[in-house]
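Take a look at the structure below.
Every number in this text was worked out from the coordinates using simple rules, so none of it is lab data. Please read these numbers as outputs of a predicted model, since none were measured by experiment. Positions of Cβ are generated from backbone atoms using ideal geometry, with glycine treated the same way; all protein chains shown enter the neighbour counts.
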Ligand code: C2E
Ligand code: MG
Ligand code: MG
Ligand code: MG
């Protein structure tokens, strides 16, 4: 059994960073400066493989080391970044850092596949897939050690450029996951149209696993459906042992959540990783 890994201890600032009026403008200027001054840091939350229990992958989650307010969670600034378009630069920086870190783990003989969250604004950029290819090349990371997380709503975009980027990313060998699966539109047609290889079941369904029959039925159905489409299925927000047992029984492929480990700096995660030869079948 994997141990519970460390705390992440960030603050949320629901009060003094409330984003309206002058404070919002201030925060916007501070975020622009943060992008210029490299104040964004990437935390890594491990995922556990089932049934073996190994840690071979992690999700990259952005944090802002704010000069006055301390370490801020995405809830304090992602929406603002989206609204101002700064999310594109933010996403570039997270991708760059995450690939550099994954490359370091790879070269140390502790290969980890790193999942990076995307904004739809990145996918709407012409040449986005080429940018990703350039980052992989520069960091010397084999493409299959990068997973990009999309949301269901992004796949409903009718833009050709989004579809072209997704196809080009898959052609590079990058893994593509659908984040928060089950919370968006229930049309599953996009699973046919897009070269997705992984589903991440939203944590609200995992939270309800022991509460009654409904969430358990939904989780089992997603796993069975995912497997019959040849997809890997990840459970998000696994917080207790009973959930782990159920998900193991349902043959879920990977677990992510506080039970396995909190998001943490790379150097805190490294000691928990096994040393092994690179696995090319990830
Ligand atoms: P997400 O991609 O669904 O990431 C999972 C969130 O669930 C993370 O919150 C993580 O800390 C939290 N989490 C993990 N395990 C548990 C658990 O067992 N219980 C509970 N209650 N929560 C758990 P975080 O780090 O605050 O990130 C929030 C959201 O911000 C992410 O949700 C993602 O949508 C967005 N985000 C984070 N980093 C980036 C980024 O680099 N780019 C973009 N575009 N969005 C990002
Ligand atoms: Mg995610
Ligand atoms: Mg998620
Ligand atoms: Mg989520």
Q: Report the relative contact order of segment 38-113, percent, no decimals, based on alpha-carbon pairs under 8 angstrom and at least 6 residues apart.
A: 28
Q. For 135, 238, 62, what ranking results if the residue with the fewest other Cβ atoms within 10 Å of its Cβ goes first?
A. 135, 62, 238
Q: Using Cα pairs closer than 8 Å and at least 6 residues apart in sequence, work out the relative contact order for segment 141-282, in percent.
A: 19
Q) Rounded if a/c is under 1.5, else prolate if a/b beats b/c, else oblate: with a ≥ b ≥ c from the C-alpha gyration tensor eigenvalues square-rooted, which is segment 194-282? A) oblate
(Q) Tell me whether segment 80-134 comes out rounded, prolate or oblate; compute the Cα gyration tensor, take square roots of the eigenvalues as a ≥ b ≥ c, and use a/c under 1.5 as the rounded threshold. (A) prolate
Q: Name the residue, out of 78, 223, 166, whose mean-square fluctuation peaks in a Gaussian network model built on the chain with Cα pairs under 10 Å.
A: 78
**Q.** Computed over segment 112-232, the ratio Rg/Rh where both radii use C-alpha atoms and Rh is Kirkwood
**A.** 1.00
Q | Förster radius 30 Å - calculated FRET efficiency between residue 108 and residue 241 (Cβ-Cβ, nearest 0.05) | A | 0.45
Q | Computed over the chain, Cα set: Rg, Dmax in Å | A | 18.5, 53
Q) Can you give the alpha-carbon Rg of segment 57-185 over 2.2 N^0.38 Å, where N counts its residues? A) 1.06
Q. Which FRET efficiency, nearest 0.05, do residue 89 and residue 167 yield, Cβ-Cβ r, R0 25 Å?
A. 0.55
Q) Counting pairs of alpha carbon atoms under 8 Å apart in space and at least six apart in sequence, what relative contact order in percent does the chain give? A) 22
**Q.** Order of 205, 77 under a 10 Å beta carbon neighbour criterion, fewest first
**A.** 205, 77
